[in-house]
Amino acid sequence: MPQLAYVNGRILPLADATLHIEDRGTQFGDAVYEVCAVMNGRILDWQPHLVRLRRNLAELGITLDIADGPLTLQARRLIAANGHAECIIYMQVSRGTAKRDHAFPGAAPANLVMTVRRFDFAQRLRQLESGIAVITQPDNRWGRVDIKTTGLLPNVLAKQAAKQAGAFEAWLVAGETVREGSSTNAWIVKDGRIITHPTGTAILPGIARDSLIRLAHAAQLVVEQRPFTLAEALAADEAFLTSTTAPILPVVRMDGTAVGNGRTGPVVRRLAELVWNEVARQTGWRA
Ligand code: PLP
């Protein structure tokens, strides 16, 4: 079955799914996006993703003329048409197609595209055992990285540096502070306390991050939302990252140095149990 994509109301083969060359997403990165996990054919945390999408559109003054109900139906339709029970759905909304000019165009309607890609979530459970490595990179992004825009060049370069170093992720560091990963949120554990950078304008408020905080609180675990330094991270008992495509992964090496004893620790194991139980509760999916 060919892969199918959604473009402004139509579902068509991926190869035919195109936007105009003067789409503002292409020319200016004037676009926002969401990535959602689909397991057992059900979208995980759909409502929070919708809320974040709407907030980002409002922050940038982009008008998307499709309400949540029809948007949900179209997303589900595309997932069903592609026929993958385990996949990710990517949704992108740009300010539209217009003659290239930095200022907003007058009446261009937003462009909405969606793609679906098969995804092996079970690999994340295997990586729970092995753990992953991160490197650090300077955070040289703009000042509103809380808005999930497609302007991801610094993230792309950081991820490539990680890949070349044989690492899974790059943690972005500003001054002494670890902010987040290039496409994940960053966490450390010290003396049983779970620490992550607070939301605001310096990190993306991850849906997986938010979900983990709720689950940890419900399990009476202590979460501190405060900046932490690279020195603290290197001296942490455990470290981990979260995202839609990596709901929780232990970080066992940082810039070539072992974190804690260099193995998956008890707090990450406990959190992983909570996270994957929540996945099962919402979607029925178990590895
Ligand atoms: N931080 C950045 C910079 C990201 O790009 C992402 C996801 O793409 C995340 C964090 C994790 O966010 P979420 O949990 O919503 O996937």
- Task: Tally the residues that are out of contact with any helix residue (DSSP H, G or I) (no Cβ under 7 Å at 6 or more places or on another chain), over 21 Å from Met254 (Cβ atoms) and either free of Cβ contacts under 8 Å to residues at least 40 places away in the same chain or not in a loop (DSSP other than H, G, I, E, B) (or both), restricting the search to the stretch 208-236.
- Result: 6
- Does the stretch 205-215 include one or more residues that are hydrophobic (A, V, I, L, M, F, W, C) and loosely packed, with under 13 Cβ neighbours inside 10 Å? no
- Message: I'm trying to understand the selection: among the residues of the stretch 109-138, which are part of a loop (DSSP other than H, G, I, E, B), more than 17 Å from the chain's Cα centre (by Cα) and crowded, with 17+ Cβ neighbours inside 10 Å?
- Response: Ala110, Gly131
- Would you confirm whether any residue within the stretch 253-268 is at pLDDT 95 or above and within 16 Å of the ligand (Cβ to nearest atom)? no
- Note on the structure: From the option list Ala37, Ala58, Ala80, single residue qualifying as of a type in the set (Gly, Ala, Ser), assigned to a strand (DSSP E or B) and either away from the ligand (no atom under 14 Å from the Cβ) or buried (at least 18 other Cβ atoms within 10 Å of the Cβ) (or both) is Ala37
- Task: Taking Ala133 as meeting all but one of (1) within 13 Å of the ligand (Cβ to nearest atom); (2) out of contact with any Ser or Thr (no Cβ under 9 Å at 6 or more places or on another chain); (3) small (Gly, Ala, Ser), write down the number of the exception.
- Result: (1)
- Message: Ala235 - would you say it is at pLDDT 95 or above, within 13 Å of the ligand (Cβ to nearest atom) and not charged (D, E, K, R)?
- Response: no
- Test set (1) in a helix (DSSP H, G or I); (2) within 16 Å of the ligand (Cβ to nearest atom); (3) not aromatic (Phe, Trp, Tyr) - Leu71 fails condition number: (2)
- Could we say that Ala85 is out of contact with any Ser or Thr (no Cβ under 6 Å at 6 or more places or on another chain) and surrounded by fewer than 15 Cβ atoms within 10 Å (Cβ to Cβ) here? yes
- Message: Can you pull out every residue in the stretch 152-195 that is in contact (Cβ under 8 Å) with a residue 40 or more places away in the chain, of a type in the set (Gly, Ala, Ser) and within 11 Å of the ligand (Cβ to nearest atom)?
- Response: Gly181, Ser182, Ser183, Ala186
- Task: Confirm whether Asp45 is within 16 Å of the ligand (Cβ to nearest atom), among the charged types (D, E, K, R), in contact (Cβ under 8 Å) with a residue 12 or more places away in the chain and within 28 Å of Asp120 (Cα to Cα).
- Result: yes
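Among Pro198, Pro205, which is the only one that is more than 13 Å from the ligand (Cβ to nearest atom), in a loop (DSSP other than H, G, I, E, B) and at pLDDT 95 or above?
That would be Pro198, the only listed residue that is more than 13 Å from the ligand (Cβ to nearest atom), in a loop (DSSP other than H, G, I, E, B) and at pLDDT 95 or above.
The values are calculated or read from the model by the stated rules, or taken from the named source; none is laboratory data. Given the structure is predicted, the values throughout are model-derived calculations rather than measurements. Virtual Cβ from ideal backbone geometry, glycine too; neighbours counted across all protein chains shown.
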